[in-house]
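Chemist: Handing you a structure now.
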Ligand SMILES: Nc1nc2c(c(=O)[nH]1)N[C@H]1C(S)=C(S)[C@@H](COP(=O)(O)OP(=O)(O)OC[C@H]3O[C@@H](n4cnc5c(=O)[nH]c(N)nc54)[C@H](O)[C@@H]3O)O[C@H]1N2
Ligand SMILES: Nc1nc2c(c(=O)[nH]1)N[C@H]1C(S)=C(S)[C@@H](COP(=O)(O)OP(=O)(O)OC[C@H]3O[C@@H](n4cnc5c(=O)[nH]c(N)nc54)[C@H](O)[C@@H]3O)O[C@H]1N2
Ligand code: SF4
Ligand SMILES: [Mo]
């Protein structure tokens, strides 16, 4: 033991990679105390994006990995559905039971009745995506991924054609204006702040576009607190000013874009006065921001996911992505924009996902429409059978999915066989027939792409798992064996699967990647800045996207950037627009189980403009009811300056049981797909707000005066 206060020189720090669903994908150093125990977790200096900094929730990972409530044995339900009453069984019995039920359901209803359901509890490609290999090998219902990036991806791809952009580290060194658009990195990706604050220190201006005064907005020079779902209007008015005041770069526009004259004529009809009415910002604020953007030498926009989670979110993302093209910012060191770098991580997923087995005729189901699907909505089910058997890994839909009432009713169906592979007995796992205990990232091998940076990283197991926890890959292979599914990916260990995948992708082998702290896939300046053209046959940025090519309702979208008025507008009955952004020390529903995070977040809280509180008779810490046609939730209120009247903010996906009425915030959010082709709309909800937790007053009890 070292003396108190002195660093412990004998401690062994092992390299790892944060597996959580966060664009930062931090390079970690994990203190290994013994074969099964970790101590401190810190950011690695080896990766210049992480730069030694990680968020507080992962820094105290020991609280999560060594949590007394971790699942350590397979369980079988012994009480009624959803009761949470289980008895231990052996792995063999559990897997036999799952395979037998999947076979039975498929023989009665056809293979599409089985729907393997997953998401991004771990972002490791082997442990996250292997479930698709089983899906495709067995012709189980296919997967439409919509809960997170669908809208943002569509919006970014519509213009640029490729999910990549300018490195934030470069912007930190060279940009004179960094705009954080529709994101709160103080909560969601601390590393963006490391680099943005470095730029600010150097003299760059930091601007934030966000409906409420987030921790990020507090650190900015400029905060545009617009109404949710109106970014398209703001972007159009900014372009209006840029063209009107000679701040557009016509040489660039003619060389690199598809329809600049048409765009200029179109936004001439979208003046700041028009946008002020939609966004709730003043004309001066809009014009002032447009001038700062247009006069900056190398403006950089960090486009986040937050502002895409509306019915018009893809249109808004596209509108914002037009700005750097109008001023030719892409030409400048530090200028341009970044939404995500995923396209750089060119991993051939065939072996992991069984892409060679995909049959496009198999029915596809929308992840975010789980509630409608499980409650028999014909439209959501497509032309296939009811879903009667599911395997879930890496996800907690009983908390994170929209239309929770339907999700909960669906999960409670007696004729649904549900197997949940989890680290904790989550509110989803409580509905299961069979619960399987899962490893955590430090207990298995995997590799990780990154959306926020350019380094592809391999991580090796650091400690042994507790009890009988097993990795996702093993569970998938064991089920495949019992079900007779065949694919080379089922015959390999996780490490072998990585090596084989890396070889076919033309990347370093796993051991080399691990040893060197990751492979940097950054592009040279010319290509990173699209100076060789955008990723379309004509190499031009598209102000006029081919929305119809995305399918769905793309053909109904505006041809040029605009305010696409399809959001859940406020009405006299539902005068508030609600957004439900991430809490700082939760990660979706993950970390809601750790004491440090719960203590910091305290309890579900509705943030309201102080004038709205006054008008409704709501005081700090009082209970309020938020509601719409889907139901009502009760939580505590806090007046918060900095957001417009008529906007209500509820941070964090709290457990249902943390709410007064026992149902969480996603009771109110809609499972309606965003445009063009789906995507969850978590920040696009009209609600009523009432002081107190009692029932609504009867209409005749309301004084008509
Ligand atoms: N601590 C923590 N970190 C997380 C998560 C978490 O839950 N907690 N979630 C992780 C996941 S899954 C993801 S996808 C990423 C997302 O991370 P980012 O892509 O960085 O986006 P967010 O920070 O979620 O964006 C949320 C912000 O968007 C704002 N916003 C909402 N609606 C609008 C709008 O209409 N216009 C504008 N301009 N802004 C709007 C909200 O007010 C909020 O401040 O974060 C990841 N990191
Ligand atoms: N209201 C509202 N709802 C939202 C959002 C919002 O902003 N507002 N954000 C949405 C977004 S962006 C997303 S991405 C989704 C995220 O939704 P989910 O992907 O469901 O994310 P989590 O809630 O973090 O649940 C992940 C679960 O995976 C488990 N897990 C982690 N690693 C492993 C593993 O290796 N194996 C197994 N078997 N399990 C593992 C964890 O214990 C955890 O319970 O939520 C969405 N829901
Ligand atoms: S910032 Fe994101 S990637 Fe980094 S440690 Fe925290 S959750 Fe993980
Ligand atoms: Mo997400």
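Laboratory data are not the source of any read-out in this text; all were calculated from the coordinates shown. Keep in mind that what you see is a predicted model, and the values were worked out from it rather than measured. Neighbour counts are summed over all protein chains in view; Cβ atoms, including those assigned to glycine, are modelled from backbone coordinates with ideal geometry.
Chemist: Give the relative contact order (percent, whole number) for the chain; include only Cα pairs under 8 Å separated by 6+ residues.
Modeler: Rounded, it is 19 percent for the chain.
Chemist: How long is the gain from residue 623 to residue 67 if the chain were fully straight, where each residue apart is worth 0.36 nm and the alpha carbon distance is subtracted?
Modeler: Between residue 623 and residue 67, full extension yields 197.0 nm more.
Chemist: Rank these for me by crowding, 65, 131, going from fewest to most other beta carbons within 10 Å.
Modeler: Working: 65 23, 131 28.
The fewest-first ordering by Cβ neighbours comes to 65, 131.
Chemist: Same structure again: Please provide three numbers in whole Å: the alpha-carbon extents of the chain along the principal axes, with the largest listed first.
Modeler: Extents along the principal axes, in whole Å: 71, 71, 64.
Chemist: What order do you get for 223, 66, 304 when you list them from fewest to most C-beta neighbours inside 10 Å?
Modeler: On the way: 223 21, 66 14, 304 25.
By the 10 Å Cβ count, ascending: 66, 223, 304.
Chemist: What number, rounded to the nearest 500 deg cm²/dmol, is the helix-based mean residue ellipticity at 222 nm of the chain, given -39500 (n - 2.57) per DSSP H run of at least four residues and division by all its residues?
Modeler: That comes out to -8500 deg cm²/dmol.
Chemist: Mind putting together the pair-distance distribution for the range 576-701? All Cα pairs, 10 Å bins, whole percent per bin, short to long.
Modeler: So the P(r) values, bin by bin, are 13, 43, 34, 9, 1.
Chemist: Separate question: Using only the alpha carbons of the range 500-600, determine the length spanned along each of the three principal axes and report them from longest to shortest in whole angstroms.
Modeler: Cα extents, longest axis first: 62, 54, 27 Å.
Chemist: Additional query: Find the percent of Cα-Cα distances in the range 12-65 that exceed 14 Å, and round it to a whole number.
Modeler: Taking all Cα-Cα pairs of the range 12-65, the fraction more than 14 Å apart is 48 percent.
Chemist: Please report, to two decimal places, log10 I(q)/I(0) for the range 320-443 at q = 0.09, 0.19 Å⁻¹ as given by the Debye formula with identical point scatterers on the Cα atoms and no solvent.
Modeler: Taking Cα atoms of the range 320-443 as identical point scatterers yields -0.44, -1.08.
Chemist: For the range 144-247, what is the Kirkwood estimate of the hydrodynamic radius, computed as the reciprocal of the mean inverse distance between distinct Cα atoms, to one decimal in Å?
Modeler: The answer is 15.2 Å.
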